[in-house]
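Encoded as structure tokens, the structure appears first; notes follow it.
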Amino acid sequence: MGRPTEPKYKSAVGPPSRRRLLCLALLLGACRSETPCLSDPSGACAIASPCPELRFTCEGGTSAVEFIGPDTRPTGASVLAAVGDVRLSNDRVVAVIDALDARHHLSPGGGTIIDLGTGDGRDDALNGVPHGVGLLPWDVARYEQLRVVDEGPIKAVIVTGSLDGAPEHRIVTRYEIRPCEPGIRVRTEVVNRGRETRPWSLSDGLFWGDRSAVPFAPVPGRGFDHPSFGLGSVNDVYVDAPFVAASDHADPGVSYALVACDADALSGFHSETISVVGTRRTVVHPNEHLVYERFIAVAGGSAVSGAIDHALGIRAQLHGEAHLTLSGRVETTRASTAGPGLGDEGFASILVFEGDATTPRAARRPWTQALPGPDGRWSAEVPADRRYLVELHSFGRAVATQEIEVARAPVELPSLRLPETAELELVVRLDGRPTEALVHVVPADDETRSSVEGRQRDGAFRVCAPWLGPPHGGSPACDRILSRPEPQTLRLPPGRYVLLATAGPFASIARRGIELGGGARARVELELSRLPVLPSGVLSADFHVHGASSFDSSIPDETRVRSMLAAGLDVIAATDHDAVGDYTDTVRALGAEHRLAVLPGLEATALVLNRYVPDTLVPKVIGHWNFWPLPRDDAQPRRGAPDDEKMEPGLLFDRVRAAGLAEHGVIQLNHPWGGGQLGRDYGFPEALELDLRRPLVREDDGSAAALLARTPPGATASNLDYHAQEVMNGSDGERNLAYRAYWFWLLSQGVARAGTANSDAHGLSDNTVGTPRSLVWTDTTVTEFDVARFDAAVRAGRMVGTNGPVIDAVIVDGTSSIGPSLEALRPGPEAMLAITVRAAPWVPVDELRVVRDGVVIRRVVDGLPRPDPLGRDGILRYSGRFRLADLLPDGDADAWLVIEAGAALPLVGDLDCNGVPDTGDHDTNGVVDWRDVDRTEDGVVDALDLDWDEDGRADAEGPPECEPDETGPLLLPRPLRPEEAGFEFDRLGHGGPAAAFTNPFLIDRGAPGWTGPGLGAAR
Amino acid sequence: MIPLLLALVASPAVCEADAPAPLSFEAAALGRPRDTCLRRELALQTAARATVESDDFYGHLGAAALLSGRWALDPELELFADLELLRWELVLSSLNADRLGLGPTSIGAAWRAQSGPSHTLTPFARLTLPTWTGGARGGRDLALELGAAARWQARDRLAVRGTVLVLGRATLGSLAGAEPGFAVVASAGLEWRIIGEPGRGLGLGLDLTAQAGLYDPLDHLAVSPVLRYAWSRLGLELGAAVPVLGEERALALVSLRASWRLD
């Protein structure tokens, strides 16, 4: 059978519609001969076919519905399908509905779309589409029955259930596919069978996840740019739109569009994390119901115009809205093979707005976005009878515009010409050999910065200067280039730049200034060399890395692995969100097995809020937890990861062990005090709202604080039975002092967990993989990697965490020399603490600290060298010895020591009075108070953050003491300019301070057995 | 207009105007008690309700304007009708929604079955029609109530009263089926005429109303105070209902009713 012809949109209003109208006129639900599924979900209940007025025709179309077997599972980086799920497909698209027991992401159960793509579905970029009537956990559908329907060419899946935790509110959904159609039809019905009147919007929750597909709403001032909101302000950002679309920036790209079939608009809100769209918010009395019919269109390619073309065709059928084809050509000034080129979003993209040049940006209605093909041709459907402003974007900026008034006939626009660009041939060598390296492209002056700042698609994601490509995609990403061993030529917007190349913190860096005019071509060779910074017997590891298998990452696997190689990492844990990650095949394909060991792993990421914390009004999740190594099994839901929702950590630990966590495997508490998003705390201790001024509650007294250490019902593990905790997370280390405070708090109370340092990188530009990293003292090697021995060293805390400085600290006692670990030691009276600190010349080490029982007892600041950052000398920063007895307190109480090196500790405060640092001294007046809080969250502490009365007077009092919502941030970096001292580390370290810490030395004194000094020792 | 003119010339019937406050916790205003009087009257009632459940992130505010007409055909038979001219609701949860439109309409008849110097028994029937507008699709309630109101003048200024009714409800136009529901509503109370003559002056009433079976064995038990003032043909009532037992989550209903007797 040949490829079917393109679908044609065909108007049809036939007998089904007349029958529906008759039934509506009679207000009788019993018009149908079959039992409605909302009434009785058992057996062969009926739910109407969605979008009956919609028709597509083509020749040779097919359709199929099947349960997925081991050999029929779609594959692709973002594909979630597993054996037992249901695949709905036709000659154009593939959709996967997950099995009822295969829950994903925000959904409390299965029966939802988890994959949707064209062709064989490899281009899927959908994370899941749960259904709900609101945003609370009990507003979301939980399906309990799934039925496959084969009605000749019409194939369907019907799922029935109720709102989660509210079985009286029944909900049913029919997914339907027909031959020729560029998407699937969906109808959902829900009835209020409770006694309360409810404010419902029957909606799809399109979980984009961040850093992935970007939603588009054709609403004045919106498009790809959506206002920020919190759970308390979501009603303020609701908006009606004729359709909603989205597209990703990965390769192969895909776009989606939703169109309501039974309403004139979709109502909802949008963000890079989630779009919630459906019926308008409605007061629903008991026994009233809502119906939501929509068509979800899919198209290949990363421009959103592919799906919008379908959406406008559908609206023409349903609402009689005429549309036409706008087309044109984009021309370059000269032929070039440099990347990005025509066809790449970074180089040329077309945005079409309703309005003209005089229309304020906030009043322009964006209608579509298209990408020219390699030949420069582009086309997109737009509504008829309007005036349009067509913008050509290049490197994230509008570079040319055209205005056009259209009627109903297709319009060919005059060609748009791209401005001249510069070309850069880039070669980076490490120890003389071309290599992978990360190259930052930094504007050298304000003029260049202002002329090259850009954003993706006129609004998505953050500003980059220059904007060389989608910040969360492959290279180039934002202002970063991942150089490859092969020759590479890149296009750049003209300007003066500083190129800064790095091969990780233990190699030299290269800096080169260049000035590139339009049409210029330059070759830059950057030389790096490895430096003798690391002691022998140390492996350099990052235990928190994301790739395309995560719902919030779209970096291709090959780029991800090359970025690890560029960072000089030896070991990584592939810790994708809620799916077992593994890069082994990619590492093998790149021939890098001898350079990089991969630990398949998981970041369990609870997303479904539930009320497990006593005396807390709002539902919570348990934060994020990493596990490695885990077996990856693509046939299983979540690639073998267990369900992690609605359970305490102890039960999760049991589940992960049952899923194959090795006996020697590691459980890591991630970013313990890492904030959160949409009410989901990233860290378990923060979710419990612990007060670190109070001692650990060791007995379960029913309090929230007792949850930290209790063994949850049905579990064998306690919530404290993890092995490691992130003390440094993220390249900027914004919250590291909070993580440190929690780690110290537990240590002082005798609960010793290994401290790790990880990047939590999701792409090339959000964080830099390997910054920071954990240095593991182990007797295994990458070439003969023994994961059990490696994990044993991690669990034993034989580690240093760092983003540059390397601390080698040992306690020398007679002939023995003992490094930091979680194994307690009983040193003799003559024991010495020997410390050596090394760092690459570009890494500042301003201070060395000895911390005992949570208090800095020694600071070394004098005599620490500040070598030339671009040189290769001056690696040894400190070498000295301390008599251990001088560092320990009087008496025979247990103690612990941690050595730190890097920048001086900043002045911080605890404004919400929970024992956790939360705010820095941003106004540099020597006092941390409410005037240091960035209340507008604009990255600057200024007058806008004060309270102003109607007379223009600033409030001099500030909020009450210990106000929980009046804090932060800890770190508010001001990016250094290229000419400023310290620019290199500031840039490569994402604005964070240089920092390193050892794991503790546990000093066992007095009665045998180390139990910690207690919280009083710190006071 | 013609009935109004007829009423103005008609001789007034002797009937003490006392009844529980005409309030209902149900969305379709089902289960409202009524009095034993048969009369000719036009009334305008405004009512408000509030439900605030912060633990459940739920709030429900409502206000309604109800036009009522009663027409005694003779001393034993009255026809009556209630039309919610306007109903506004604001429901707050993670999402907010409001609704403005017509409410339900009910029509009915009451028959004075027994009447003596100190007691009256008035059975009645009421049909509630789904005249809602706005809001969600389908699911409009059609309900029939059958009941009887009784009154006993215990003292010169003190009356004892009670109402019992059974209601049957079916949902029209719902994709979820008719979902029939049944309930028994019973109320009992006292009214003390503080000052004035029978049928006029200031009165204070207190009733207990129980509804069972629509959702739970005990839907609610509510206390309903009412303060009533009547002068000539004008009647004013300020009433409230506060649930004290059962699963009903509304904090209170309040109502202000003005009536003009036409007989």
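The values are calculated or read from the model by the stated rules, or taken from the named source; none is laboratory data. Just so we're clear, the structure is a prediction, and the values are computed from it rather than from any experiment. Here the Cβ positions follow ideal geometry from the backbone for every residue, glycine too, while neighbour counts run over all protein chains shown. Quick note on the areas: whole protein, heavy atoms, side chains included, nothing else; ligands and nucleic acids left out. Shrake-Rupley method; radii C 1.70, N 1.55, O 1.52, S 1.80 Å.
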Inset, instruction - Could you pull out every one of the strands (runs of 3 or more DSSP E) wholly within the range A:161-231 that has 1 or more residues that are of a type outside the set (A, V, I, L, M, F, W, C) and away from chain B (no Cβ under 14 Å)? - result: A:166-177, A:183-191, A:203-207, A:214-216
Legend entry - Residues located in the range A:632-641, provided they are assigned to a loop (DSSP other than H, G, I, E, B) and either of a type in the set (A, V, I, L, M) or open to solvent by less than 20 Å² (accessible area, probe 1.4 Å) (or both): A:Ala635, A:Ala641
Legend entry - Of residues in the range A:984-1019 being among the aliphatic types (A, V, I, L, M) and modelled with pLDDT under 95, the one surrounded by the most Cβ atoms within 10 Å (Cβ to Cβ): A:Leu1015
Legend entry - Residues that are open to solvent by 30 Å² or more (accessible area, probe 1.4 Å) and either in a loop (DSSP other than H, G, I, E, B) or of a type in the set (Lys, Arg) (or both), drawn from the range A:49-60: A:Ser49, A:Glu53, A:Arg55, A:Cys58, A:Glu59, A:Gly60
Inset, instruction - Look through the range B:240-252, keep the residues that are away from chain A (no Cβ under 14 Å) and under 18 Å from the mean Cα position of the chain (by Cα), and return whichever of them is surrounded by the most Cβ atoms within 10 Å (Cβ to Cβ). - result: B:Ala241
Inset, instruction - Tell me, yes or no, whether the range A:292-312 has at least one residue that is among the small types (Gly, Ala, Ser), open to solvent by 10 Å² or more (accessible area, probe 1.4 Å), under 30 Å from B:Arg99 (Cβ atoms) and part of a loop (DSSP other than H, G, I, E, B). - result: no
Legend entry - Yes/no for A:Glu405 being open to solvent by 50 Å² or more (accessible area, probe 1.4 Å) and part of a strand (DSSP E or B): yes
Legend entry - Where B:Ser255 falls short, out of the listed (1) modelled with pLDDT of 95 or more; (2) assigned to a loop (DSSP other than H, G, I, E, B): (2)
Legend entry - Number of the exception - A:Ile296 against (1) within 14 Å of chain B (Cβ to nearest Cβ); (2) in contact (Cβ under 8 Å) with a residue 12 or more places away in the chain: (1)
Legend entry - Subset of the range A:210-237 [surrounded by fewer than 24 Cβ atoms within 10 Å (Cβ to Cβ) and under 16 Å from the mean Cα position of the chain (by Cα)]: A:Asp210
Inset, instruction - Hey, can you tell me all the residues within the range A:493-513 that are crowded, with 23+ Cβ neighbours inside 10 Å and under 29 Å from A:Ala303 (Cβ atoms)? - result: A:Pro493, A:Gly495, A:Tyr497
Inset, instruction - State whether one or more residues within the range A:509-523 are modelled with pLDDT of 95 or more and touching a helix residue (DSSP H, G or I) at 6+ places or on another chain (Cβ under 8 Å). - result: yes
Legend entry - Members of the range B:189-207 found to be buried (at least 17 other Cβ atoms within 10 Å of the Cβ) and within 17 Å of the chain's Cα centre (by Cα), listed by number: B:Gly189, B:Glu191, B:Gly205, B:Asp207
Legend entry - Members of the range B:147-177 found to be buried (at least 18 other Cβ atoms within 10 Å of the Cβ), within 14 Å of chain A (Cβ to nearest Cβ) and in contact with a Ser or Thr (Cβ under 6 Å, 6 or more places away or on another chain), listed by number: B:Ala176
Inset, instruction - Only one of these is in a strand (DSSP E or B), buried (at least 24 other Cβ atoms within 10 Å of the Cβ) and touching a strand residue (DSSP E or B) at 6+ places or on another chain (Cβ under 8 Å): A:Ser765, A:Ser774. Name it. - result: A:Ser774
Inset, instruction - Scan (1) surrounded by fewer than 13 Cβ atoms within 10 Å (Cβ to Cβ); (2) out of contact with any strand residue (DSSP E or B) (no Cβ under 9 Å at 6 or more places or on another chain) for the single condition A:Pro841 breaks and write down its number. - result: (1)
Legend entry - Candidates A:Leu531, A:Leu526, A:Leu539, filtered to the one that is open to solvent by less than 10 Å² (accessible area, probe 1.4 Å) and either in contact with a Cys (Cβ under 8 Å, 6 or more places away or on another chain) or in contact (Cβ under 8 Å) with a residue 60 or more places away in the chain (or both): A:Leu526
Legend entry - Per-region count, the range B:104-142, residues within 14 Å of another protein chain (Cβ to nearest Cβ) and either on the phi > 0 side of the Ramachandran plot or over 14 Å from the mean Cα position of the chain (by Cα) (or both): 14
Inset, instruction - Residue by residue through the range B:32-55, note down the ones that are within 12 Å of chain A (Cβ to nearest Cβ), touching a residue at least 40 places away in the same chain (Cβ under 8 Å) and among the acidic types (Asp, Glu). - result: B:Glu53
Inset, instruction - Test each condition in (1) open to solvent by 20 Å² or more (accessible area, probe 1.4 Å); (2) more than 38 Å from the chain's Cα centre (by Cα); (3) not β-branched (Val, Ile, Thr) for A:Asp808 and report the one that comes out false. - result: (2)
Legend entry - Lone qualifier among A:Thr489, A:Thr559 - being open to solvent by 30 Å² or more (accessible area, probe 1.4 Å), within 29 Å of A:Ser212 (Cα to Cα) and of a type in the set (Val, Ile, Thr): A:Thr489
Inset, instruction - Give the residues of the range B:90-103 that are facing chain A (nearest Cβ under 10 Å) and open to solvent by less than 40 Å² (accessible area, probe 1.4 Å), sorted by residue number. - result: B:Val91, B:Ser93, B:Ser94, B:Leu95, B:Ala97, B:Arg99, B:Gly101
Inset, instruction - Take A:Arg281 and decide whether it is within 14 Å of chain B (Cβ to nearest Cβ) and either touching a residue at least 60 places away in the same chain (Cβ under 8 Å) or open to solvent by 10 Å² or more (accessible area, probe 1.4 Å) (or both). - result: yes
Legend entry - Search result, residues across the range B:29-63 that are assigned to a strand (DSSP E or B) and either acidic (Asp, Glu) or open to solvent by 20 Å² or more (accessible area, probe 1.4 Å) (or both): B:Glu41, B:Leu42, B:Leu44, B:Thr46, B:Ala47, B:Ala48, B:Arg49, B:Ala50, B:Val52, B:Glu53, B:Leu61, B:Ala63
